[in-house]
Amino acid sequence: MLDKLIKTSDIDIFATAEIGIETAKREVWKVEPSSTAKNCRNFIREIVDTLDLQPNPEKPVIALSIGDPTVYGNLKPSPETVKAVIDIIEEGLCNGYAPSVGYESAREAVAEYLSYDGVNFRAQDIVLCSGCSSSLEICITALADGNEGHNILIPRPGFAIYRTLAESIGVQVKYYNLIPENNWEADLQHLEAQIDVKTTAIVLNNPSNPCGSNYSEEHLRNILDIAYRHRIPVIADEIYERLVFPGKKFISTSSLHSGVPILVCGGLAKRFLVPGWRLGWIAVHDEIGAFEHIRKSLVSLSQRTIGSNTLIQGAIASIIQNTPQSFHDELASTLALHAQIAFERLSNARGLTPFMPDSAMYMVYEINLRHFPQFENGLDMAKKMMEEESVFCLPGECFQIPGFMRIVLTVPQDLLEEACDRIVEFCNRHYIE
Ligand SMILES: *Cc1c(COP(=O)(O)O)cnc(C)c1O
């Protein structure tokens, strides 16, 4: 046997290791995905697909589940945003490759866009990415190493992609709880208790998907204090940055000068209503020089895809500078109005407790399942609501909080009203004392 191995070529030895010692050559096609591929899971799809949703044919479907503000066509990007891209295409100067971190002019524009409340970013602090998801992927990959047994802390409830990105590269996630009754603030004791020697990043999502919460300066400071004490960098998912309801103020983590090194992730998707354009960024905020090596890693990692879409990069300065404040204000007012409407209507449903958001595009409500014993759990309830009312809300299981559901506030007002009324009827019909 040893003889045979030694005499075979390199390729045959490789095949031997793969398919067993007896066969030196591969005789059948056996193409297997890598562990990265196998560990890469879409948790929302996995949950929703098991539900086998069948709407009531008598009622048109209203999807309150889709986290894409453009699906119903009522929310559109500003004309300035559209024009900026048309101009860039016509100029024909952005058809080639850009540096993998982005054009200098585009990075400059993003740096300026994020420089407010006493924060000063420079172009060299910015890495442009293919959407904020790609920014998050690069940050998690830069800071956490599956081979070293690293873990990162992520919020519960929270956006499912953090776990998808971490686990696909063998990095463990540990959850820290958010407290619904406390405007979804992090449970600080719980957060701190999750930290161990293998923790290499804390993911902070403010304003939050799915909660629609917007943290106070004090709360952000408390979280950053913990990160500072334990010397753990923060990945701040600020994709909903400044997308807060009228009268509220968004506080960026960078503006608190906490000394904590922070990778701020953001993008055009939500505030400019163009999620499909795939333009995100990482902004490196590092007052103490802890990210010297990480900066280089971000550049290296951006080279894996040779950077993001150059048309949007070419347009971004003009998108950012020419979109009037009134556009952002109107979007925020619409979302606030929709939140108010949904909150008021859902408050009439027996057995539901809606939580009023003050930012972003979502609202979460709690289901008092004790009063709905005919449903096995929240997933079952979401399924039956679809079957009877043709309204679908994302079950809390998708965000790691069973017993809750998330609705999106971006649908047209009449559909939102109709959907909420159907939810109320459904609950009142099934409620048991
Ligand atoms: C939508 C969303 C993203 C992803 O943004 P893209 O730019 O479309 O990749 C990231 N984080 C949160 C919390 C989101 O809701």
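The values are calculated or read from the model by the stated rules, or taken from the named source; none is laboratory data. Keep in mind the model is a prediction, meaning the values are calculated, not measured. Here Cβ is always computed from backbone atoms with ideal geometry, including for glycine, and neighbour counts include all displayed protein chains. Ligands, DNA and RNA are excluded from the accessible area calculation, which covers all protein heavy atoms including side chains. Shrake-Rupley method; radii C 1.70, N 1.55, O 1.52, S 1.80 Å.
Relative contact order (percent) for segment 81-323, with alpha-carbon contacts under 8 angstrom and 6 or more residues of separation? Let's see the in-between values first.
On the way: 478 pairs, mean separation 71.9, N = 243.
Computed over segment 81-323, the figure is 30 percent.
How large a share of the accessible area of the chain, in percent, is made up of carbon and sulfur atoms when the probe is 1.4 Å and the other protein chains stay in place?
The C+S portion of the solvent-accessible surface of the chain is 52 percent.
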> In whole Å, how far is the Cα centre of segment 261-318 from that of segment 152-214?
Replying inline: 21 Å
> Using helices alone, what [θ] at 222 nm do you get for the chain, with -39,500 (n - 2.57) per DSSP H run of 4 or more residues, divided over all residues and rounded to the nearest 500?
Replying inline: -12000 deg cm²/dmol
>> Just want to confirm a number: the relative contact order over segment 349-395, from Cα pairs under 8 angstrom separated by 6+ residues, in percent.
In response: 25 percent
> Going down the list K83/K270; K248/K384; K38/K174; K270/K296; K59/K270, which pairs span over 26 Å between their C-alpha atoms?
Replying inline: K248/K384; K270/K296; K59/K270
>> Taking the solvent-accessible surface of protein heavy atoms with a 1.4 Å probe, what is the per residue accessible area of the chain in Å²?
In response: 45 Å²
> What is segment 275-433's relative contact order, in percent, from Cα pairs under 8 angstrom and six or more apart in sequence?
Replying inline: 21 percent
> So what are the ³J(HN,Hα) numbers for segment 360-376, from phi and the Karplus equation (6.51, -1.76, 1.60; θ = phi - 60°), rounded to whole Hz, Gly and Pro as x?
Replying inline: 6, 10, 9, 9, 10, 10, 9, 10, 7, 5, 4, 8, 10, x, 6, 9, 4
>> I'd like the FRET efficiency for Q189 and S333, computed as 1/(1 + (r/R0)^6) with the beta carbon distance as r and R0 of 45 Å, rounded to 0.05.
In response: 0.75
>> So if I take the centroid of the Cα atoms in segment 384-433 and the same for segment 35-105, what is the distance between those two points in Å?
In response: 23 Å
> If you plug each phi of segment 52-68 into the Karplus form 6.51 cos²θ - 1.76 cosθ + 1.60 with θ = phi - 60°, what whole-Hz ³J(HN,Hα) values come out, in order, with x for Gly and Pro?
Replying inline: 6, 6, 10, x, 6, x, 7, 10, x, 6, 10, 8, 9, 9, 8, x, 10
> Can you give the % of DSSP beta bridges in segment 81-323 that are antiparallel, to the nearest 5?
Replying inline: 40 percent
